[in-house]
Amino acid sequence: MPIADANAISLLNAVFLVVLGMLIFHDRPTYWHVLGMIICLAGAATIALSRGVFATFDEAYIWPAVVALLAAILFAGESIFIKMLSRVDDPLTTLLHVNFFGICLLLIPALASWQSWGAENFIFMALGPLAVLAQYCNLRAFTLAKVSLLAPISYSSLVFAALIGWIFFGEVPTPGVFAGASLIAVGGMVLALSKR
């Protein structure tokens, strides 16, 4: 399965997150939330379709599609747990727990499969603090807002990915990417300006 197809399926995590937020936290998205979600989803679909997502279909796609869908559901579940923890724990406490248990869980498999001990590992080590900072921002967001507001904003990652690809890798965005990014920006503005 092409990575663009798998990524398009993973974008459903925001939809699952809103549904879980409604079921668990009794979030009731307003008209403006729903409108913002629809605009963001349309932007994500525009980007995905402009990249040729699902242009071809093969029976071999079924299993990878199921795995990508399961990942979307698990990411939505993780966000729900983060929202629950944000009600009782400080973001730094949650970060400590998540990263400590992550290290405990992955230390032995990582050491057993480690292939390189060269200088490039210092670059990978720099990803740790960057990821922790991103996790902290995510935790603060869940402390401050409802999941129905935050879920669609996750589509903005497509805009930033396109921008990073353009600046650092010379991947010129297509007109479909520009159109989708514009829709996501409009949807994000609708969400930001909507009443909580």
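The values are calculated or read from the model by the stated rules, or taken from the named source; none is laboratory data. Predicted, not measured: the structure shown is a model, and the values here were computed from it. FYI the Cβ positions are ideal-geometry reconstructions off the backbone, even for glycines, and counts take in every protein chain you see. Side chains are part of the model used for accessible areas, which takes the heavy atoms of the whole protein and leaves out ligands, DNA and RNA. Shrake-Rupley method; radii C 1.70, N 1.55, O 1.52, S 1.80 Å.
Once the chain from ILE24 to GLN135 is taken as fully extended at 0.36 nm per residue, the excess over their C-alpha distance is 37.7 nm. Place a label point 7 angstrom from the Cα of LEU49 along the Cα-to-Cβ direction, then list the residues of the range 177-195 whose backbone nitrogen is under 15 Å away. In the range 177-195, the label zone of LEU49 (backbone N under 15 Å from the point 7 Å along Cα→Cβ) covers 177-184.
Computed 3J(HN,Hα) for the range 128-135, one whole-Hz value per residue from the Karplus formula 6.51 cos²θ - 1.76 cosθ + 1.60 where θ = phi - 60°, is x, x, 5, 5, 5, 4, 5, 4, glycine and proline marked x.
Spacing of the modelled spin labels on LEU107 and LEU70, each 7 Å from Cα toward Cβ, amounts to 2.8 nm. The Rg/Rh ratio for the range 31-111 is 1.11, where Rg is the radius of gyration of the alpha carbons and Rh is the Kirkwood radius.
Across the range 59-66, coupling constants 3J(HN,Hα) worked out from phi with the 6.51/-1.76/1.60 Karplus curve, θ = phi - 60°, read 4, 5, 6, 4, 5, x, 5, 5 Hz, and Gly and Pro carry x. Sorting HIS97, HIS33, HIS26 on solvent-accessible area from highest to lowest, probe radius 1.4 Å, gives HIS26, HIS97, HIS33. Length gained on full extension, PHE169 to SER10: 54.9 nm, using 0.36 nm per residue less the C-alpha separation. Look at the dipole of the chain built from charges on Cβ: of THR30, PHE81, ALA131, the Cα furthest out on the positive end belongs to THR30.
Does the range 1-73 come out rounded, prolate or oblate, given a ≥ b ≥ c as the square roots of the eigenvalues of its C-alpha gyration tensor, rounded meaning a/c under 1.5 and, failing that, prolate meaning a/b above b/c? The shape class here is oblate. What you get for the chain, charging only the Cβ of Lys and Arg (+1) and of Asp and Glu (-1), is a dipole of about 720 debye around the Cα centre.
For the range 1-144, what class follows from the C-alpha gyration tensor (a ≥ b ≥ c being the square roots of its eigenvalues): rounded when a/c is under 1.5, otherwise prolate if a/b is larger than b/c, else oblate?
oblate
As a length-normalised measure over Cα pairs under 8 Å and 6 or more apart, the relative contact order of the chain settles at 46 percent. If the segment from ALA145 to TRP114 were pulled out straight at 0.36 nm per residue, it would be longer than the present Cα-Cα gap by 7.2 nm. Quick note on the range 117-196: its Rg to Rh ratio, both from C-alpha atoms and Rh being the Kirkwood radius, is 1.08.
Note on ILE123 and GLU78: their simple-model spin labels are 2.3 nm apart, each label 7 Å out from Cα toward Cβ. If you take all other residues with their beta carbon under 14 Å from the beta carbon of TYR136, and give Lys and Arg +1 and Asp and Glu -1, the sum is -1.
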